[in-house]
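The values are calculated or read from the model by the stated rules, or taken from the named source; none is laboratory data. Here the structure is a predicted model, which means the values were calculated and not measured. When we count neighbours, we look across all protein chains shown, and the Cβ atoms used for this are built from the backbone with ideal geometry, even at glycine. Just so you know, the surface numbers come from the protein's heavy atoms only, side chains and all, with ligands and any DNA or RNA stripped out. Shrake-Rupley method; radii C 1.70, N 1.55, O 1.52, S 1.80 Å.
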Amino acid sequence: MFASAVTSNVGLARELSDARARLADQERQIQELNHRVANSLQLAADMLVFEQLRSRDPLAQAALEASRARLVAVGELHRYLYEHADAPSVEMAPFLTGLCEAVSASTGLRCRVQSDLTRVPGDMAQQLAIAINEFAINAAKHAYDGKPGGRLSVTSRREGQDLVLTVADEGKGLSDGRSANGGLGMSIVAAIVRDLKGALTVQSDRGAGAIFTIRAPLPSTRTIMLDRSFHSWAEL
């Protein structure tokens, strides 16, 4: 009986060792894939710069520059989110601070963060980061007409069982053709809000900027803190 138990434990240890090896191999493959994605985004952005220099059409140049700026912003966001990909939960204050540094580097905006100590699931944080990135791209392009140095304020707080995220600029508002509903960026934001089972509200006055607020329900504290990753049980 003792020998059988030892054999069983040895078999279990071998299975865990094989599983860890497979997981390590998958992580290496994911890391390589992420490097390739980042390199591809950079290459595409460089090609757009080349085409922009060749073009003589001002409208084409503007379109190419807008596409290049979006690719750069997506690349910075991809890099930042990859660094937090394994986190089961995220504290919003430091997460948003780091995100805004990446946003500032890619858009030229001056990004300011105000957040409480609320923790959210890692996947929810990533979705909100994508929404913030889209708000920033739109603000840089439309609210500030591509001029660097515009202000972007990001605030996050818990209200009851909801997370309330607000992104505000101080640009020209949503008048003069700037729409809260049209465009690829706002379509992405709308899809994220639907996925989070939340709601998006928009406030704007001519010349007084725009304020975008996402309110989304938070899962229970127990759900947020529970790590179901392989690492958590493989090390038991």
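Only residues that are outside any loop (DSSP other than H, G, I, E, B) and either surrounded by fewer than 13 Cβ atoms within 10 Å (Cβ to Cβ) or not aliphatic (A, V, I, L, M) (or both) were counted across the stretch 189-198, and they come to 2.
Beta carbons closer than 8 Å, at least 6 apart along the sequence or on distinct chains, pair a first residue in the stretch 122-139 that is touching a residue at least 60 places away in the same chain (Cβ under 8 Å) and closer than 10 Å to residue 95 by Cβ with a second that is open to solvent by 10 Å² or more (accessible area, probe 1.4 Å) and part of a helix (DSSP H, G or I) for 128/192. When restricted to residues that are among the small types (Gly, Ala, Ser) and either touching a Pro at 6+ places or on another chain (Cβ under 8 Å) or under 19 Å from residue 205 (Cβ atoms) (or both), the stretch 143-164 contains 3. Pairs linking a residue in the stretch 67-81 that is within 14 Å of residue 136 (Cβ to Cβ) and open to solvent by 50 Å² or more (accessible area, probe 1.4 Å) to a residue that is modelled with pLDDT under 70 and part of a helix (DSSP H, G or I), with Cβ atoms under 8 Å and 6 or more positions apart or on different chains, are 74/41. For beta carbons closer than 7 Å, sequence separation of 6+ or different chains, a first residue in the stretch 32-51 that is at pLDDT below 70 and a second that is in a helix (DSSP H, G or I) and open to solvent by 50 Å² or more (accessible area, probe 1.4 Å), the qualifying pairs are 34/82; 38/79; 41/74. Would you mind stating whether residue 209 is at pLDDT 95 or above, over 16 Å from the mean Cα position of the chain (by Cα) and either of a type outside the set (Lys, Arg) or under 20 Å from residue 89 (Cβ atoms) (or both)? Spelling it out, it is not the case that residue 209 is at pLDDT 95 or above, over 16 Å from the mean Cα position of the chain (by Cα) and either of a type outside the set (Lys, Arg) or under 20 Å from residue 89 (Cβ atoms) (or both). With respect to the conditions (1) out of contact with any helix residue (DSSP H, G or I) (no Cβ under 6 Å at 6 or more places or on another chain); (2) within 17 Å of residue 204 (Cβ to Cβ), residue 134 falls short on a single one, namely (1). Can you confirm whether residue 145 is out of contact with any Leu (no Cβ under 6 Å at 6 or more places or on another chain), within 23 Å of residue 87 (Cβ to Cβ) and among the charged types (D, E, K, R)? Answer is no for this residue. If you filter the stretch 212-236 down to residues that are assigned to a loop (DSSP other than H, G, I, E, B) and at pLDDT 50 or above, you find that the one that is nearest to residue 133 (Cα to Cα) is 218.
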